[in-house]
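Single-structure report; data block below.
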Ligand SMILES: Nc1ncnc2c1ncn2[C@@H]1O[C@H](COP(=O)(O)OP(=O)(O)O)[C@@H](O)[C@H]1O
Ligand SMILES: [Mg+2]
């Protein structure tokens, strides 16, 4: 079997049935508008779950629109609106009565839409919403806030018109705030707009995801945040022992010793992306049975070849004092604030504050009271190699 560094669905998706059940049992209800917010660190498998949700809901005849903020390039609100419009029309195309011929819109391109709308028997209001969005996307209109409300309203109007339940999935939702209008960032006003429209949705449920706990909290989870009470929060965790065993069985088709399994669990931190990377490497080895030493070999190989590319990314998210804390944790193998402060020659209260920001960024997690661990042990191993 091949290994995947991009999202997986179907057969390739290990475990996650519990999460899928919880999400799907609500989203399939034709009259429920309850949505979800998925949080979990990068590479834990959020997008994979969302894509699987999309597939399964579509089998039930539900219209699903999936859009990722991280795939919005250039990262402007204009691009986001244009993409969302395209995906919306694409998602609904099979639901329209034939006489509306909306599916032709895609083939015709945006230019033909205005003309076509005139010939179609569409209520004026509704036609106007499409026409406005189209003319905005074509650059004939410039009111960006009107275009934003318009596209979000249009989605629910299409759902009502076609008598379908719709699920709108926005992956990496908090990054909406970082999209630009001209050279300026949008700020949180767009999130408020979406919240207000979402409150009035009749046939549409919203599902969002976010990789950073603190930004997700700001936009969705705190009682002062816009989506509090509108969305059910679901935390996506790393894979557990049983799932990791399943991964080995399914992907590797090799045996693994008990020690080997323990090492794999520890070194990968149960992060699916790490398992895919390690799996690819382990697959190249001659050994039929994977043990601790095969895993060390595989990790060495990966870190040497591509560790810098991967983990410089992590470093870019951190301030120099935060980097000092994680380096100390990795090199001196310490987990308590006091030990870190001693080993790193830093002040205890400074270390405590930095551990909090590292927690917010998802770089470390709490093991027990006063004990911190790396969310991603591959990062720890890399730091060790780079700085010991
Ligand atoms: N349940 C799973 N089983 C197997 N591989 C997975 C699973 N979930 C994620 N992956 C793999 O992990 C990587 C990250 O997954 P992705 O869904 O993109 O995570 P996220 O969106 O949280 O960053 C991808 O390489 C994907 O193939
Ligand atoms: Mg993702």
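Values in this text are rule-based calculations from the coordinates and carry no lab data. Owing to the predicted nature of the structure, the values given are computational and were not obtained by experimental measurement. Using ideal geometry, Cβ is built from the backbone for each residue, glycine included, and neighbour counts are taken over all protein chains shown.
Could you list the residues of segment 1-20 with an amide nitrogen less than 12 Å from a label point located 7 Å from the Cα of residue 253 in the Cα-to-C-beta direction? Counting only backbone N, you get 1-2.
Taking the DSSP beta bridges with both ends in the chain, the antiparallel portion is around 20 percent. Counting only alpha carbon atoms, the long axis of helix 46-59 and the longest principal axis of the chain meet at about 40°. Based on C-alpha pairs under 8 angstrom that are at least 6 apart in sequence, the chain has a relative contact order of 19 percent. Comparing mean-square fluctuations of 167, 207, 248 from a GNM of the chain with C-alpha springs under 10 Å, the top value falls on 248. Between 58, 172, 140, the Gaussian network model of the chain with springs among Cα atoms under 10 angstrom shows the greatest mean-square fluctuation at 140.
Pick from 162, 215, 88: which residue has the top mean-square fluctuation in a GNM of the chain where Cα pairs under 10 Å get a spring? Its mean-square fluctuation being the largest, the pick is 162.
May I ask you to derive the FRET efficiency for residue 332 and residue 185 from their Cβ-Cβ distance with R0 = 35 Å, giving the value to the nearest 0.05? For R0 = 35 Å, the calculated efficiency reads 0.35.
The residues 214, 310, when put in order of fewest to most other Cβ atoms within 10 Å, stand as 214, 310. In this simple spin-label approximation, residue 348 and residue 320 carry label points 7 Å from Cα along the Cα→Cβ vector, and these lie 2.7 nm apart.
Across segment 240-313, the relative contact order, built from alpha-carbon pairs under 8 Å that are at least six residues apart, equals 34 percent. Taking the C-alpha atoms only, the angle from helix 17-27 to the longest principal axis of the chain is near 20 degrees. Give me the angle, in degrees from 0 to 90, between the Cα long axis of helix 124-137 and the longest principal axis of the Cα atoms of the chain, rounded to the nearest 10. Long axis of 124-137 versus the principal axis of the chain: about 50 degrees.
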